[in-house]
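Data first, discussion second: the structure below is written as structure tokens.
The values are calculated or read from the model by the stated rules, or taken from the named source; none is laboratory data. This one's a predicted model, so the numbers in the text were calculated from it and none came from an experiment. Ideal geometry is used to build each Cβ from the backbone, glycine not excepted, and the neighbour counts take in all protein chains shown. Surface accessibility is based on the protein's heavy atoms, side chains included, excluding ligands, DNA and RNA. Shrake-Rupley method; radii C 1.70, N 1.55, O 1.52, S 1.80 Å.
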Number of protein chains: 2
Amino acid sequence: MITSTAFEKFRRSYQPRYPKSLRSLSNTEAQEIAVMESSIDAEQKEMIKKLFPATYGQPALKMVVNEGKKEEKAMTIAVVLSGGPAPGGHNVICGICDGLFSVNASSKVYGFLGGASGILDDKCIELNLDIIERYRNTGGFDLLGSGRTKIETPEQCERCQKVLEDKGVDVLVIIGGDDSNTNAALLAEYFKEKNSKVRVLGVPKTIDGDLKNDYVEISFGFYTATRLYAELIGNIGRDALSTRKYYHFIRLMGRSASRLTLEVALLTRPNITLISEEIQSMKKTLAEVIDEMVKVIVDRADKGFDFGLVLIPEGLIEFIPEMKLLIQELNKVLGENKEFFDTLSSFTERSEYANRHLSKDASYVFSNLPVDIQRQLLMDRDPHGNVQVSKIETEKLLIDLIEAKLKELRAKGRYKGKFSCQTHFLGYEGRCAAPTNFDADYTYSLGLNVVALSLAGVTGYMSVIKNLVKTNRDEWEAYGIPLSAMMNMEVRNGKQVPVIKKSLVSLEEKPFQELLRHRQNWAQNNLYRFAEPIQYLGDGSVCDSVSPTLLLENDLMIE
Amino acid sequence: MITSTAFEKFRRSYQPRYPKSLRSLSNTEAQEIAVMESSIDAEQKEMIKKLFPATYGQPALKMVVNEGKKEEKAMTIAVVLSGGPAPGGHNVICGICDGLFSVNASSKVYGFLGGASGILDDKCIELNLDIIERYRNTGGFDLLGSGRTKIETPEQCERCQKVLEDKGVDVLVIIGGDDSNTNAALLAEYFKEKNSKVRVLGVPKTIDGDLKNDYVEISFGFYTATRLYAELIGNIGRDALSTRKYYHFIRLMGRSASRLTLEVALLTRPNITLISEEIQSMKKTLAEVIDEMVKVIVDRADKGFDFGLVLIPEGLIEFIPEMKLLIQELNKVLGENKEFFDTLSSFTERSEYANRHLSKDASYVFSNLPVDIQRQLLMDRDPHGNVQVSKIETEKLLIDLIEAKLKELRAKGRYKGKFSCQTHFLGYEGRCAAPTNFDADYTYSLGLNVVALSLAGVTGYMSVIKNLVKTNRDEWEAYGIPLSAMMNMEVRNGKQVPVIKKSLVSLEEKPFQELLRHRQNWAQNNLYRFAEPIQYLGDGSVCDSVSPTLLLENDLMIE
């Protein structure tokens, strides 16, 4: 039995707020509205339509109050938590249970254990109000556990159908990121084609913030996680300013989009923020990135500031064109001749081999990397012989290259500072944080809305809440959006497949423009925004704050 | 100008609570009481007495209320923040300013900038209520900055005396750890011998928690920092339990004592907690430490738990007798022949050289280390040729050795689990956190008490608050304790010197016994105590919690 802290006991009694239209679910009606015109081209649209014959072209739904109270039959909903945890997952489940039982107390909620593999293995628990009581407003996915298994093959789909039908499940709810929601759409299509009664709904989760589009303003968990990282970085900034001796290089979780890094930058105002998408779209070389960083460090040293804060998105390395090329070539070279390569045990032998087989460009990039990084690229590979990109400590790579450059400048008398560094990687510290009021309310609303969509009898939809920037939750609005309306076609493992598009940072968007506007000033001065620990109790001005990304997108000022 | 967050604005209005005896400082009287009999031997006592002829043997002082209101003359106090930041430093200064100005509004408070070097360079600012307003109840040392300079040589002492006297300083307050307070005692002695009017007082600061003795129940900042690390580790534990795929190896700040790690363990209940002092006193070898860890991992794998939480104190490596020996020998070997050794550029050459010169025992230890660690030991050395112990990533060393052992066991069919790891180092994230109510109250009280001791006209004392376990601050008591009463003699750089003794974890003490009592259970099961983010607003049951170390030492239960 896990110990509850005083905080958890107190927090349990927090009553999440939610949209008016979800106040009494028997009175909620799903009103058809038109979906927005998708921005993908006609050819892609046609492909998606073909791949989703049964579920493509459904209308969007807006939840509204309809006073004519209905009797609702008992229903069975099954829930799966998919992928990395994000703050608020438990509250989605609490919203589903509270909503469903309030409509008909004979309803059932199952929770599959350990992600989608729980369906295939038929491992689940039946949830009730007693069980969920301890999980109200808590972080983590530990009520059910999570997993990364995807139900993709026809055999898996068939098995899944059998398990769900045997249990009498009416609706399967997949709480996950872009890939898991793509999967939800494929399953919904499969069940409908097979005339199964099982419907499928998705819920938008990810701390990375890249499940974001015309319909989804922000994924749940993003704001809590970024606030927690921002608190820690605020503390580190205060430390840098107190001791004036270290540059702190902080790598932040997020393999694809730099959304999380951008949001944290707006919350903390560091001296340097690297945004992968900018570097890629400007086609910057590693040397150019280093030169820009060195310029800030040298300028600061001239002012007597031999300290600073640097934010680095986890996925950076693959967004630098030359590094991407190198990694691709290495994977090819090391993968094709894996058996022979594995017989080479020393770094020197491997390095010679790699250099012989790389293109001139890739070889040049490789040989200019610090030896430690060369070693990492050649020695640590995954079972398929691929470079383990997530294991590359990008912050150390940058530091090594900056040190070399500063040494040159020092020799020429153009740099007189000290450059001492501390490195950090923030990720696991925040994925299971207790959800802020915002995320507690948002996820509970998403859960209630899942029930409304279930009552509406639809499949292949995502539960969506809009107007999230409003602190008065009466102004929030609940929608059901067809998952297939969020799709585009992408090449994965050499094949065109339909996927929900990841939202990368665009150089035109307001949050990035805000960073641009302040970047120079933040680089040269010490304007860190300090620790703002997430508060859950007390005044709304402290507890009900909103993501700067949302504020900026709504043309509101950030503090 | 630094931006204030909504939280900071709100938190500024928090009114710290403090002992009754400090309520009106003009009515505070310092009553002489006997100091406790020191536990050091007669010979040491005699040496300390000789080294502190002017300040040794002073009585302890207890602050009590004396209703006869006195007029107090204006006074000048100068403050220095020394060493690594700890939550609450700003509130010590706020307490000093509020207390001193309330007694006589013509008083002055100077803050020296960047630690003790600020005195030598005569860099200071005059503080007033406007300036400190923004720093009330905030973390960090950024109001003045901090530094590690010590005033030790006769020239430095002389310079220091001149600067302070020129400014008309009556009392110099040094806010710092054991070394800085030792320094305060030496300065007090120096000034008294020189018949200077400048008096010196110390304030006990350190997140490491090792400034702790018969008089000092706990140093300030320790509880806030440990709570913040515990929150993050609670989140990581919840993550481990949600995804069930990683062992998280978490190294925690604290080069000497494992106090911080022990406190965090009591707050989080991890599967494995290494306590340096235990390993040293049991004379465990690295292989034994690894075997014990492997046993837990194998037992857990048998239960299907291929995940877990492991806490490691930063200073571990130097507490393992064989590693200590190795490091000492390496420093000798590499230091004595630094010039020749520096000409060897490859790892192979250096490794051969080291092995030729190490003793048989040390060479055996060295050759059994993972190559990456061997490389770290030989390649990264400080300017004096010494091994950089703080740069050794102990958590990676342990993981490498555990992996090797598990591979053996797997080959023998005795281990069937998966062992994937994530590593973390927590330190800088917490040193500047906003002080908890406990630390905000404690530090403000320490500051008020500095004024009471200043009014009492004493020198060479530490400001001490006792009964800290009480949530009703009326029950807290303020004392002045002679710094020389906390001294013992230790060998530093081959010389016997007087120092305030660091409080290492003892195997008999109650907090360690509590860990022992639960260790087996915590290892085998998943009893993590989850995220308890520090709350500053709202109900006392959540905001006024107390350090488990303090609770246990007072025979109170921990939650």
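Summary of values
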{"item": "Spatially proximal lysines relative to residue B:73 (Cα-Cα < 18 Å; intrachain offsets below 8 disregarded)", "result": "B:108, B:167, B:197"}
{"item": "Percentage relative contact order, chain B, counting C-alpha pairs under 8 Å, at least six apart", "result": "24 percent"}
{"item": "Convex hull volume per residue in cubic angstrom - Cα atoms of segment A:34-135", "result": "188 Å³"}
{"item": "Centre separation in Å (Cα based) which lies between segment B:359-389 and segment A:373-436", "result": "23 Å"}
{"item": "Calculated P(r) tail over 23 Å for segment A:432-559, as whole % of Cα pairs", "result": "54 percent"}
{"item": "Helix A:321-336 vs. chain A, principal-axis angle (Cα, 0 to 90°, nearest 10)", "result": "80 degrees"}
{"item": "Hz values of 3J(HN,Hα) by residue in segment A:217-230 - Karplus curve (6.51, -1.76, 1.60), Gly and Pro given as x", "result": "6, 6, 7, 6, x, 4, 5, 4, 4, 5, 5, 5, 4, 5"}
{"item": "P(r) of segment B:469-532 over all Cα-Cα pairs, binned every 5 Å from zero, in whole percent", "result": "3, 11, 10, 11, 14, 16, 12, 11, 10, 2"}
{"item": "For residues of B:523-533, the mean tally of beta carbons on other chains within 10 Å", "result": "5"}
{"item": "Per-residue ³J(HN,Hα) for segment B:59-68, Karplus 6.51 cos²θ - 1.76 cosθ + 1.60, θ = phi - 60°, Hz, x for Gly and Pro", "result": "x, 6, 10, 10, 7, 9, 7, 10, 5, x"}
{"item": "Position residue A:364, label points 7 Å along Cα→Cβ, spacing to each other copy in nm (shortest first, one decimal)", "result": "5.4"}
{"item": "Largest to smallest accessible area among A:296, B:80 [probe 1.4 Å]", "result": "A:296, B:80"}
{"item": "Accessible surface of segment B:1-56 [probe 1.4 Å, protein heavy atoms]: carbon and sulfur percent", "result": "53 percent"}
{"item": "Whole-percent carbon and sulfur share, accessible surface of segment B:315-392, 1.4 Å", "result": "48 percent"}
{"item": "Complex-versus-alone comparison for segment B:1-47, residues with a loss of 50 Å² or more in accessible area, probe 1.4 Å", "result": "B:2, B:3, B:5, B:6, B:7, B:10"}
{"item": "Residue B:79 long-range amide H proximity, modeled H, under 5 Å", "result": "B:110, B:111, B:112, B:173"}
{"item": "Kirkwood estimate for the protein assembly as shown, i.e. one over the average of 1/r between Cα atoms, Å", "result": "31.6 Å"}
{"item": "Rg(Cα) / (2.2 N^0.38 Å) computed for chain A, rounded to two decimals", "result": "1.03"}
{"item": "For residue A:155, inter-copy label distances in nm, listed shortest first [label point 7 Å out on the Cα-Cβ vector]", "result": "8.1"}
{"item": "Rounded, prolate or oblate (a/c below 1.5 giving rounded, otherwise prolate when a/b exceeds b/c) for segment B:508-559 by Cα gyration tensor", "result": "oblate"}
{"item": "With every protein chain in place, segment B:429-559: carbon and sulfur % of accessible area (1.4 Å)", "result": "48 percent"}
{"item": "Ascending list, in nanometres, of distances separating the residue A:43 label from those of the other copies (7 Å, Cα toward Cβ)", "result": "9.1"}
{"item": "Gyration tensor (alpha-carbon) shape descriptor, segment B:291-430, a/c threshold 1.5", "result": "prolate"}
{"item": "Heavy atoms of residue B:49 accessible to a 1.4 Å probe, total area in Å² rounded to 10", "result": "100 Å²"}
{"item": "Among the listed pairs A:324/A:407; B:150/B:391; A:192/A:324; B:324/B:405; A:45/A:150, those beyond 31 Å (Cα-Cα)", "result": "A:192/A:324"}
{"item": "Stretchable slack from residue B:71 to residue B:340, in nm (0.36 nm times residue separation minus alpha-carbon distance)", "result": "89.9 nm"}
{"item": "Projected-area mean, segment B:234-328, by convex hull of Cα positions, square nanometres", "result": "6.2 nm²"}
{"item": "Table column - 3J(HN,Hα) (Hz), segment B:95-102, Karplus curve with 6.51, -1.76, 1.60, x for Gly and Pro", "result": "x, 5, 5, 4, x, 5, 5, 5"}
{"item": "The protein assembly as shown, accessible area per residue, ligands and nucleic acids excluded (1.4 Å, Å²)", "result": "38 Å²"}
{"item": "Virtual paramagnetic centre 7 Å along Cα→Cβ of residue B:46, amide N under 18 Å, in segment B:494-525", "result": "B:496-498"}
{"item": "Share of Cα-Cα pairs in segment B:401-507 lying beyond 19 Å, as whole percent", "result": "71 percent"}
{"item": "Cα Rg over Rh - segment A:105-242, Kirkwood", "result": "1.07"}
{"item": "Viscosity 0.890 mPa s, 25 °C: Kirkwood-radius Stokes-Einstein D of segment A:176-260 over Cα pairs, µm²/s", "result": "157 µm²/s"}
{"item": "Most to least accessible of A:50, A:510, A:20 (protein chains only, probe 1.4 Å)", "result": "A:50, A:20, A:510"}
{"item": "In the B-A interface, the accessible area buried, summed over both sides, Å² (probe 1.4 Å)", "result": "5200 Å²"}
{"item": "Unit Cα scatterers, Debye sum, segment A:315-392: log10 I(q)/I(0) for q = 0.19, 0.20, 0.23 Å⁻¹", "result": "-0.73, -0.81, -1.12"}
{"item": "Euclidean distance of C-alpha centroids, segment B:164-184 and segment A:245-283, integer Å", "result": "41 Å"}
